[in-house]
Amino acid sequence: MNILMTFIQKAIAQGVAILFGATGETLTEKSGNLNLGIPGIMYMGGIAGLMGAFFYENHTTDPIPLAGMLISLLCTLVAASIGGLIYSFLTITLRANQNVVGLALTTFGVGFGNFFGGSISKLAGGVGQISVATTAKAYRASFPVLSKIPVLGQLLFTYGFLTYLSVIIAVIVTFMLLRTRVGLNLRAVGESPATADAAGIHVSLYKYVATVCGAAIAGLGGLYYVMEYLGGTWSNNSFGDRGWLAIALVILATWNPVHAIWGSLVFGGLYILDIYIPGLSRAGKELVKMLPYVVTIIVLIITSKRSKLENQPPASLGNSYFREER
Amino acid sequence: MEMKNAIELSHVTKRFGEVVANDDVNLTVREGEILSILGENGSGKTTLMNMLSGIYFPDEGSIKVKGQEVTITSPKDAFDLGIGMIHQHFKLIDVMTAAENIILGLEGKQILNMDKVKKQVQELTATYGFDLNPDQKIYDMSVSQKQTVEIIKVLYRGADILILDEPTAVLTPQEIDKLFAVLRNMRSAGKSIIIITHKLNEVMELSDRVAVLRKGKYIGTVETRTATIESLTEMMVGEKVSLDIDRSEPHDRHKRIEMRGITVRNAEGTKVIKEASFTSYSGEILGVAGISGNGQKELLEAIAGLQFIESGEILYYSPEGEVKKISDMKADEIRKLKISFSFVPEDRLGMGLVGDMDLTGNMMIRSYRNGHGFFADRKKPRKLAEKIVDQLEVSTPSVETAVRRLSGGNVQKVLVGREIASQPTVLMVAYPVRGLDINSSYTIYNLLNEQKEKGVSVICVGEDLDVLLDLCDRILVLSGGEVAGIVDARTTTKQELGLLMTGHKKSGKEKEVLS
């Protein structure tokens with residue numbers, strides 16, 4: 001029982017970063033932009049938040065947890081948005097190939113994270129020496145009373161606020177997409193920009209806003225990882241392929257962030273499953289680690305077999321739009 | 001009664017790079033009239049209207065709406081002025097419902113209230129006599145239903161100037177009558193309607209005045225009741241054109257292709273051809289009619305060996321009297337039997353020709369196996385290319401020009417020319433004149449007739465029923481992948497074809513003619 005509880009808690013902890021990434025990517029893809037730069041943007045968001053908190057804590061004698069938290073949050077949002085803005089400028093304004101720009105941005109973002117991670121490690125005195133304990137503590141604070149309730153409280157209330165925020169944002173984005181005018185227009189842009197344009201929707205504006213907001217949301221996934229998951233430190237490349245899992249989750253959730261909530265739990269669970277299966281060989285562990293991708297492929301096969309149009313990617317995903325093209 | 005002008009265009013010019021799409025165009029549209037804009041493909045009709053609807057912005061000239069000089073920089077500006085355009089290729093989102101498409105891009109409360117929208121849509125449909133379910137998804141709709149959504153979308157925005165770009169191109173004759181009735185209702189309600197078309201009989205039937213464009217230039221506007229089809233054609237083409245297709249009686253009829261109960265499924269697993277059976281004969285033109293997407297393309301591809309045939313068989317009767325089953329042959333084996341297939345999709349260079357290769361190269365696609373040993377023979381294809389350029393009056397700088405750089409009509413001539421040069425016994429063409437001007441169209445019709453005279457069995461998929469009626473000997477009508485009937489083109493009517501196209505099967509046995 002105890003081990004199951006730990007497994008679920010850890011699965012949720014793994015899932016949160018992926019959920020942020022998936023929600024951000026869904027929002028972006030609904031505008032017709034396939035932002036493969038999301039993994040890099042999550043790195044950028046993570047390191048920027050960490051740097052903000054690090055410099056704040058190093059330059060004040062008595063850092064206030066809330067201030068550290070707000071500063072890091074702001075740094076993350078700004079850095080991730082800049083990532084989204086670079087992508088938007090290149091693909092929307094200059095109409096560069098989305099895949100190439102996305103992959104370049106991911107390579108850049110990972111390098112950006114590792115470079116500054118290494119730099120502040122040096123400032124802090126060596127590898128693994130960065131510590132923004134005060135800020136991280138604020139991120140890790142859980143509900144004081146509720147979390148003590150046996151089982152249910154342990155299951156639901158032992159996480160920091162970013163965990164709840166990830167679910168709330170997923171629900172809000174879904175509601176926005178399905179029930180509001182902005183959402184309707186955004187979906188139209190992703191399905192057929194020419195149609196949206198003819199209907200008087202400002203296509204480029206929608207694409208920019210969706211991509212930048214999507215990047216900002218994904219950036220929070222990186223922040224969650226360094227602050228709550230790692231506890232306010234940095235280790236090069238340790239974020240791993242969670243960013244790619246986020247993009248896979250978008251497909252698993254059929255472009256619906258609410259589905260991504262349970263999907264992130266599945267992915268989080270599968271991601272760490274190898275630790276909880278006793279007696280696995282090294283090779284076995286690696287095979288188990290493949291499971292999230294296997295699940296994605298199976299879901300892809302099933303959804304394309306059912307061929308329900310609503311479950312397909314936005315029709316103009318990956319294409320740039322130019323009005324006067326003939 | 002004094003007529004007010006709803007729209008006045010003066011000296012409007014639009015260029016795309018070096019191409020002048022509209023050159024110094026002047027045009028007026030009155031309130032409460034139906035104005036036809038007539039012109040051949042590429043004459044700039046759509047470009048001109050796109051400037052009114054805010055898709056393009058004019059390089060020169062001014063636009064007045066209801067007496068006020070205006071600048072229209074986006075579709076939204078156009079809506080605000082009460083101008084709504086129904087595009088030829090519907091601008092609808094497939095995965096959304098009719099109601100969602102109608103309110104797309106509109107201002108209003110952020111949280112959507114779809115029930116209210118549906119009620120408003122139903123009021124509009126009741127007023128003008130439309131038939132529409134606001135909850136239906138677009139991908140479940142027929143072409144004419146989609147068009148209805150487009151028109152209501154524009155009316156919902158309060159437009160009183162409606163522009164329809166080739167609205168009848170994809171409709172059956174019955175649906176066209178319905179549409180015209182609705183348009184006349186709107187005219188009585190005081191709305192101005194602009195209809196872009198190149199079909200002369202529709203112009204005569206529907207419009208009050210006709211404005212003619214030719215090669216981007218404005219030629220003039222005439223009252224419809226003072227015009228005739230001949231006079232309008234002359235304005236449109238710039239010279240007198242004979243619009244008669246010289247149809248001869250078929251002779252030496254022999255069986256060529258016999259299709260027996262063919263069923264074909266598409267990639268999604270739905271049946272696109274259901275139990276289709278027909279026979280084609282040498283020395284005749286068999287027309288294939290149907291609403292687009294009802295299996296015309298698959299029918300030809302099944303014969304050409306490009307489709308996987310689920311059941312049934314196709315037999316080929318060679319002129320020498322042999323009978324071969326071709327339904328289990330590969331495309332290149334069928335080619336060797338001299339069954340030639342030329343397909344003109346919207347993307348003309350998709351299947352028939354290679355855009356980046358020159359004329360000679362494109363000829364070689366058919367003959368590259370004929371070279372000596374290792375080297376391909378370029379001489380014969382080059383001669384063939386020169387012959388085609390010469391005989392079909394292809395306008396090209398040389399046979400070394402990449403096909404991509406030729407105009408649509410010339411590309412089509414090259415393709416059909418090459419197919420005919422392989423001396424087929426069966427020639428299948430799909431949409432042979434799509435996008436061509438009148439002169440080129442008639443060149444192609446004459447080519448098909450020549451082939452028929454030579455004893456070739458010609459199968460021609462067409463969209464213009466008037467032309468099919470004039471060109472073909474028999475017409476096969478497809479509806480939902482089924483053969484709804486085969487009729488004699490000399491005795492049938494457009495109405496009969498229309499009924500067959502919408503799935504009213506011919507009662508009794510297939511009417512065999514001339515046998």
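Numerical summary
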item: Where chymotrypsin sites (Phe, Trp or Tyr not before Pro) in DSSP loops with at most 12 other Cβ within 10 Å are excluded, longest remaining stretch of chain B; result: B:1-307
item: Fraction of beta bridges assigned by DSSP in chain B that are antiparallel (%, nearest 5); result: 55
item: Area buried, chain A against chain B - accessible surface, total, 1.4 angstrom probe, square angstrom; result: 2500
item: Set B:Lys215/B:Lys494; B:Lys413/B:Lys452; A:Lys308/B:Lys274; A:Lys30/B:Lys274; B:Lys45/B:Lys191; B:Lys338/B:Lys452 screened for pairs whose C-alpha atoms are more than 26 Å apart; result: B:Lys215/B:Lys494; A:Lys30/B:Lys274
item: Degrees, to the nearest 10: B:114-128 long Cα axis against longest axis of chain B; result: 80
item: Space enclosed by the convex hull of the alpha-carbon atoms of the range B:43-89, per residue, Å³; result: 82
item: Mean separation of Cα contacts under 8 Å (6+ apart) over length of chain B, as relative contact order %; result: 14
item: Within the accessible area of the protein assembly as shown (1.4 Å probe), percent carbon and sulfur; result: 56
item: Rounded to whole Hz, the Karplus (6.51, -1.76, 1.60) HN-Hα couplings of the range B:30-36, x for glycine and proline; result: 8, 6, x, 10, 10, 10, 8
item: Cα coordinate range in chain B, projected on the principal axes (Å, largest first); result: 72, 52, 46
item: Contact order normalised by residue count of the range B:341-422, Cα under 8 Å, 6+ apart, percent; result: 37
item: Cross-link reach list, aspartates and glutamates versus A:Lys122, counting only Cα pairs under 19 Å and skipping chain neighbours closer than eight places; result: A:Glu57
item: Amide H partners (placed H, <5 Å) of B:Ala21, local residues excluded; result: B:Lys14, B:Arg15, B:Phe16
item: Compactness of the range A:59-174 - radius of gyration and Dmax, Cα, Å; result: 18.8, 56
item: Probe 1.4 Å, accessible area per residue of the protein assembly as shown, Å²; result: 44
item: The range B:151-241: trypsin sites (Lys or Arg not before Pro) in DSSP coil with no more than 13 other Cβ atoms inside 10 Å; result: B:Lys240
item: The range A:73-178: trypsin sites (Lys or Arg not before Pro) in DSSP coil with no more than 14 other Cβ atoms inside 10 Å; result: A:Arg95
item: Estimated dipole of chain A in Debye, rounded to 20 [Cβ of Lys and Arg +1, of Asp and Glu -1, Cα centre]; result: 420
item: Percent breakdown of C-alpha pair distances by 5 Å bin, ordered from the shortest bin, for the range B:244-347; result: 2, 11, 21, 23, 21, 13, 6, 2, 1
item: The range B:25-171: equivalent-ellipsoid semi-axes (sqrt of 5 x gyration tensor eigenvalues, Cα, Å); result: 27, 18, 14
item: Pairwise centroid distance, computed over Cα atoms, of the range B:408-468 with the range B:148-204, Å; result: 31
item: Range in chain B, longest, excluding exposed GluC sites (Glu not before Pro) [loop by DSSP; at most 11 other beta-carbon atoms within 10 Å]; result: B:347-511
item: Global geometry of the range A:1-113, whether rounded, prolate or oblate, following the gyration tensor of its Cα atoms and the 1.5 cut on a/c; result: oblate
item: Taking the C-alpha atoms of the range B:350-460, convex hull volume expressed per residue in Å³; result: 105
item: Cα gyration tensor shape for the range A:208-326, rounded if a/c is under 1.5, else prolate or oblate; result: oblate
item: Karplus-derived HN-Hα couplings along the range A:207-222 (A = 6.51, B = -1.76, C = 1.60, θ = phi - 60°), whole Hz, x at Gly and Pro; result: 5, 4, 4, 5, 5, 5, 5, x, 5, 4, 5, 4, x, 4, x, x
item: Proximal aspartates and glutamates relative to B:Lys146, as straight alpha-carbon distance under 16 Å, when same-chain residues fewer than 8 apart are discounted; result: B:Asp94, B:Glu100, B:Asp131, B:Asp135, B:Asp165, B:Glu166, B:Glu175
item: Helical mean residue ellipticity (222 nm; -39500 (n - 2.57) per DSSP H run of 4+; nearest 500) of chain B; result: -9500 deg cm²/dmol
item: At least 20 Å² accessible surface lost relative to isolated chain, residues of the range B:83-110 (1.4 Å probe); result: B:Lys91, B:Ile93, B:Val95, B:Met96, B:Glu100, B:Ile103, B:Leu104, B:Gly105, B:Leu106, B:Gln110
item: Tensor-based shape of the range A:16-240 (alpha-carbon gyration tensor, a/c under 1.5 rounded, otherwise prolate or oblate); result: oblate
item: Values of log10 I(q)/I(0), in the order q = 0.06, 0.10 Å⁻¹, for the protein assembly as shown under a Debye, Cα-only, solvent-free model; result: -0.53, -1.15
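The values are calculated or read from the model by the stated rules, or taken from the named source; none is laboratory data. Treat the numbers as computed from the prediction; the structure is a model and nothing was measured. Quick reminder, even Gly has a Cβ in these numbers, built from the backbone with ideal geometry, and neighbours come from all protein chains shown. Protein only, heavy atoms only, side chains kept; ligands, DNA and RNA dropped before computing areas. Shrake-Rupley method; radii C 1.70, N 1.55, O 1.52, S 1.80 Å.
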